Amino acid sequence: MGKEKLEVQDVADPKILNPGDAIIKITRTAICGSDLHLYDGYIPTMQPGDILGHEFMGIVEEVGPAVKKLKRGDRVVVPFTIACGSCAFCSDQLYSACDNTNPNAALAEKMYGYSGASLYGYSHIYGGYAGGQAQYARVPFADVGPLKIENDIPDEKLLFLTDIFPTGYMGAENANIKEGDTVAVWGAGPVGIFAAASAFMFGAKRVISIDRFPERLALAAKVGAETLDYSKFDTLSTLRELTGGNGPDATIDAVGLEAHGSGLGGVYDKTQQVLKLSFDRPTALREAIMAVRKGGTVSVPGVYGGLLDKFPFGAAFGKGITMKMGQTHMQRYLQPLLKRIEDGQLDPSFIISHRIGMEEIPDAFRVFRDKEFGCTKVVIDPWAEGGRTGDLVPKGSPQGTTKNLSPLAS
Amino acid sequence: MIQTDVKTPLDPRTRLSAAPGFERATAQSPTQKAVQSPLVYAALVSAVYLFRKQIFSPGGLLFAAGVYVARSAKTQKLAGTLQQASRGLVQEQATFTIAKPADELYAKWLDIATAPSYQESIHSVTVTGEDTSHWVMDLPGGQTLEWDAEWTAKEPGKRLAWRSIGDTPVPSAGQVSFEPAVSGRGTVVRVNQEFLLPGGKLAAALGGLVSRTPGGFVKENLRHFKQLAETGEIPTTRGQSHGTRSAGARVQQAFTGDREQQPTVPQTGGIAHEGVAQ
């Protein structure tokens with residue numbers, strides 16, 4: 001309802017508005033790290049009353065007259081980008097560049113000079129579609145997006161196909177990894193962890209995950225990454241040391257616009273952001289550019305929303321690096337990554353730290369943002385009894401005074 | 001020859017300036033001239049500027065107006081620009097590449113009775129003769145604007161041109177051209193339209209604050225045409241559920257937020273909204 005203001009409200013059930021729509025009864029949904037950018041007010045054109053959430057799956061409740069591939073009762077995973085499937089970009093599998101799904105394309109063009117695919121619950125420049133932190137959601141272009149699930153794998157293992165697993169995977173794909181490469185990943189949040197896991201799938205020999213939260217670094221270690229705590233070690237010199245003086249072959253910024261910089265540079269960025277002189281705090285991106293070896297690749301799955309300050313373009317040019325970035329072309333990855341989950345190559349549910357109900361969502365945003373209680377990923381059961389599971393705050397912690405009560409610290 | 005000017009002029013025969021009564025319609029009355037004084041214009045510009053910045057303080061408005069008037073050299077220059085702008089003729093162009101063959105798109109556009117399904121605010125189009133049609137447009141406040149139009153060119157698969165005929169408050173002319181894309185994928189569709197607006201470009205710009213500018217209409221209508229041709233529907237969020245919108249949000253929405261407008265739902269045999277549950 002405003003910056004850092006969330007409410008759980010009863011609203012009318014969604015309706016079919018276009019012939020290609022479906023209505024989904026949501027069985028599991030989640031809070032994404034990129035939702036925190038909305039929560040903290042860094043993505044423009046949010047309005048009070050907007051419904052957030054872009055990681056959801058469920059059961060088809062109703063379909064519009066033009067929907068051919070889905071019917072009532074189908075179990076589906078819904079990708080967070082809305083694509084039409086028919087435009088030139090969709091034909092090239094550049095689904096997040098879709099021409100035809102943003103009702104506010106004119107607004108997006110005014111701000112960004114172009115309009116791409118809409119996203120669920122992610123501001124009005126990205127379409128203004130109601131999101132999926134809810135019991136029901138309207139899914140437009142239902143023949144194009146949703147992935148039909150025809151196995152009995154539990155929701156929690158499939159839910160992250162909606163965004164973070166494919167996003168991490170595309171982050172690794174964009175890094176141009178060759179057999180035997182060393183890859184450094186900034187951020188051991190969900191996307192960073194899936195990027196690290198995926199980097200190995202593309203043939204990386206070593207993956208170095210950079211973060212400062214022990215529970216996150218522990219998850220990165222679980223997928224086989226070496227870990228670097230940037231609060232204890234200088235990132236650039238350590239990476240250089242670890243890579244025989246060359247720098248990693250590829251670097252991945254899985255942090256985005258709210259990096260926690262250290263030292264004076266971090267203070268400078270935060271000040272600019274608070275004063276609205278700059279939207280983004282690009283610490284991770286700067287380091288990813290400075291760290292990568294000559295001729296290497298910088299891949300950016302982390303989200304950016306505006307203008308960057310102190311961007312080391314001279315270093316990028318001087319080293320002749322390649323940069324790839326962007327919202328995930330979701331529809332491209334759903335089938336292949338579902339196959340990997342079905343084959344047991346990866347169980348994405350290992351990153352979940354909290355399972356909550358609807359009423360606990362506003363608190364969970366704060367807990368997730370402040371990384372309290374070892375929070376790495378929050379999954380919501382929208383039908384939990386009374387809207388609460390009691391899983392958010394560990395037993396014995398006083399309610400409402402959650403700051404600095406991390407079980408890891410005590 | 002390499003053509004670097006991307007503005008495609010209308011066919012001279014269909015230009016509004018060639019139409020009878022053009023000079024009369026663009027002549028300025030003494031009232032119009034008075035309204036265009038630097039002072040009035042400065043106040044307007046300040047108001048527009050401050051509204052867009054969402055500063056509503058009257059003190060802020062007065063201050064900005066004062067600054068503008070004080071910088072009289074600038075106000076004079078702006079007034080000059082305004083005099084040009086208010087001559088009445090508004091010319092707009094929009095271009096999209098549509099992933100369909102030219103012939104198919106030509107046929108869609110020629111089927112002009114379906115225009116309300118992709119052109120915003122057009123209530124109905126009735127074909128009245130081999131080359132003529134009657135148009136009804138919804139205006140804010142429940143008013144309507146009606147006029148007759150005729151095709152002035154039909155070049156199958158390539159170009160269509162039209163203009164308004166008879167006595168109408170807003171004479172208009174336009175054309176749409178279809179050209180295979182260089183990539184060989186799809187068709188470059190370019191629409192040129194010109195309108196003789198009572199308030200000219202100034203009225204157009206002010207209108208853009210609450211609704212769309214004429215250029216916005218031309219562009220969004222072509223975008224809707226593309227969306228309908230490529231996907232069979234026009235994306236929308238109108239009518240979706242949402243939480244409580246604050247009063248402030250509505251003001252914000254009016255000035256900086258969504259401009260989403262849906263073309264009229266066709267009365268019979270709908271194209272865009274077939275079977276839509278309301």
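With a requirement of 1 or more residues that are more than 18 Å from A:Phe350 (Cα to Cα), the helices (runs of 4 or more DSSP H) lying completely within region A:190-245 that satisfy it span A:235-242. Residues in region B:171-198 that are in a loop (DSSP other than H, G, I, E, B) and surrounded by 15 or more Cβ atoms within 10 Å (Cβ to Cβ): B:Pro171, B:Ala181, B:Gly186, B:Leu197. Would a scan of region B:205-216 turn up a residue that is closer than 30 Å to A:Val11 by Cα, assigned to a loop (DSSP other than H, G, I, E, B), facing another protein chain (nearest Cβ under 8 Å) and among the hydroxyl-bearing types (Ser, Thr, Tyr)? The answer is no, given that none of the residues of region B:205-216 is closer than 30 Å to A:Val11 by Cα, assigned to a loop (DSSP other than H, G, I, E, B), facing another protein chain (nearest Cβ under 8 Å) and among the hydroxyl-bearing types (Ser, Thr, Tyr).
For region B:132-149, give me each residue that is charged (D, E, K, R) and modelled with pLDDT of 95 or more. Please lay out each step first, then the result.
First, the residues of region B:132-149 that are charged (D, E, K, R): B:138, B:146, B:148.
Hit for region B:132-149 is B:Asp148, nothing else.
Scanning region B:229-248 for residues that are open to solvent by less than 20 Å² (accessible area, probe 1.4 Å), more than 7 Å from every other protein chain (Cβ to nearest Cβ) and not in a loop (DSSP other than H, G, I, E, B) returns a single hit, B:Ala229.
Condition test on B:Glu104, is it open to solvent by 20 Å² or more (accessible area, probe 1.4 Å), assigned to a helix (DSSP H, G or I) and touching a residue at least 24 places away in the same chain (Cβ under 8 Å)? Spelling it out, B:Glu104 is indeed open to solvent by 20 Å² or more (accessible area, probe 1.4 Å), assigned to a helix (DSSP H, G or I) and touching a residue at least 24 places away in the same chain (Cβ under 8 Å).
Return yes when A:Cys84 is part of a helix (DSSP H, G or I) and modelled with pLDDT of 95 or more and no when it is not. The answer is no for A:Cys84.
The set of residues in region A:1-35 being open to solvent by 60 Å² or more (accessible area, probe 1.4 Å), within 12 Å of another protein chain (Cβ to nearest Cβ) and part of a strand (DSSP E or B) consists of A:Lys5 alone. If you take the residues in region A:137-160 that are touching a helix residue (DSSP H, G or I) at 6+ places or on another chain (Cβ under 6 Å) and part of a helix (DSSP H, G or I), which one is least open to solvent (accessible area, probe 1.4 Å)? By that ranking, first place goes to A:Phe160.
Taking the criterion of being within 18 Å of B:Leu110 (Cβ to Cβ) and polar (S, T, N, Q), the residues of region B:177-206 that qualify are B:Ser177, B:Thr187, B:Asn192, B:Gln193. Among the conditions (1) surrounded by 15 or more Cβ atoms within 10 Å (Cβ to Cβ); (2) under 30 Å from A:Ile149 (Cα atoms); (3) more than 20 Å from the chain's Cα centre (by Cα), A:Lys339 misses just one, which is (1). Within region A:174-201, residues that are not assigned by TED's automatic domain parsing to the domain that holds A:Ala221 reach no partner that is among the charged types (D, E, K, R) and modelled with pLDDT under 95 with beta carbons closer than 6 Å at six or more positions or on different chains. Screening A:Ala105 against (1) at pLDDT below 95; (2) surrounded by fewer than 24 Cβ atoms within 10 Å (Cβ to Cβ) leaves a single unmet condition, (2). Quick check: anything in region A:59-75 on the phi > 0 side of the Ramachandran plot, of a type outside the set (Val, Ile, Thr) and under 16 Å from the mean Cα position of the chain (by Cα)? The answer is no, given that none of the residues of region A:59-75 is on the phi > 0 side of the Ramachandran plot, of a type outside the set (Val, Ile, Thr) and under 16 Å from the mean Cα position of the chain (by Cα).
Hey, could you check region A:49-67 for residues that are within 20 Å of A:Asp10 (Cα to Cα) and within 14 Å of chain B (Cβ to nearest Cβ) and say which is most open to solvent (accessible area, probe 1.4 Å)? Filtering first and then ranking leaves A:Glu61. No other residue among B:Leu197, B:Leu139, B:Leu222, B:Leu145 is of a type outside the set (Val, Ile, Thr) and closer than 30 Å to A:Ala117 by Cβ apart from B:Leu222.
From the set of residues in region A:109-136 that are within 11 Å of chain B (Cβ to nearest Cβ), among the small types (Gly, Ala, Ser) and more than 18 Å from A:Pro48 (Cα to Cα), which is most open to solvent (accessible area, probe 1.4 Å)? Per the criteria, the residue is A:Ser115. Report whether or not A:Ala195 is in contact with a Gly (Cβ under 6 Å, 6 or more places away or on another chain) and more than 14 Å from chain B (Cβ to nearest Cβ). Here the answer is yes, as A:Ala195 does meet what is asked.
Are any residues in region A:235-246 open to solvent by less than 30 Å² (accessible area, probe 1.4 Å) and under 27 Å from A:Leu307 (Cα atoms), and if so, which ones? Of everything in region A:235-246, just one residue is open to solvent by less than 30 Å² (accessible area, probe 1.4 Å) and under 27 Å from A:Leu307 (Cα atoms), namely A:Thr235.
Could you please give the count of residues in region A:91-108 that are facing another protein chain (nearest Cβ under 9 Å), part of a helix (DSSP H, G or I) and either of a type in the set (Ser, Thr, Tyr) or under 15 Å from A:Gly20 (Cβ atoms) (or both)? Give the derivation first.
Our first condition is that a residue be facing another protein chain (nearest Cβ under 9 Å); within region A:91-108, this holds for A:91, A:99-107.
Now narrow it down to the ones that are part of a helix (DSSP H, G or I): A:91, A:105-107.
Restricting the remaining residues to those that are either of a type in the set (Ser, Thr, Tyr) or under 15 Å from A:Gly20 (Cβ atoms) (or both) gives A:91.
So the count comes out to 1.
There is at least one residue in region A:76-85 that is away from chain B (no Cβ under 14 Å) and in contact with a Lys or Arg (Cβ under 7 Å, 6 or more places away or on another chain).
Residues checked against (1) of a type outside the set (A, V, I, L, M, F, W, C); (2) closer than 22 Å to A:Gly189 by Cα:
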{"residue": "A:Ala288", "(1), (2)": "no, yes"}
{"residue": "A:Gly302", "(1), (2)": "yes, yes"}
{"residue": "A:Gly305", "(1), (2)": "yes, yes"}
{"residue": "A:Lys310", "(1), (2)": "yes, no"}
{"residue": "A:Ala316", "(1), (2)": "no, no"}
{"residue": "A:Gly320", "(1), (2)": "yes, no"}
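The values are calculated or read from the model by the stated rules, or taken from the named source; none is laboratory data. From a predicted model like this one, the values you see are computed outputs, not experimental measurements. Methodologically, a virtual Cβ is constructed for each residue, glycine included, from the backbone with ideal geometry; neighbour enumeration extends over all protein chains shown. Only protein heavy atoms, including side chains, enter the accessible area calculation; ligands, DNA and RNA are left aside. Shrake-Rupley method; radii C 1.70, N 1.55, O 1.52, S 1.80 Å.
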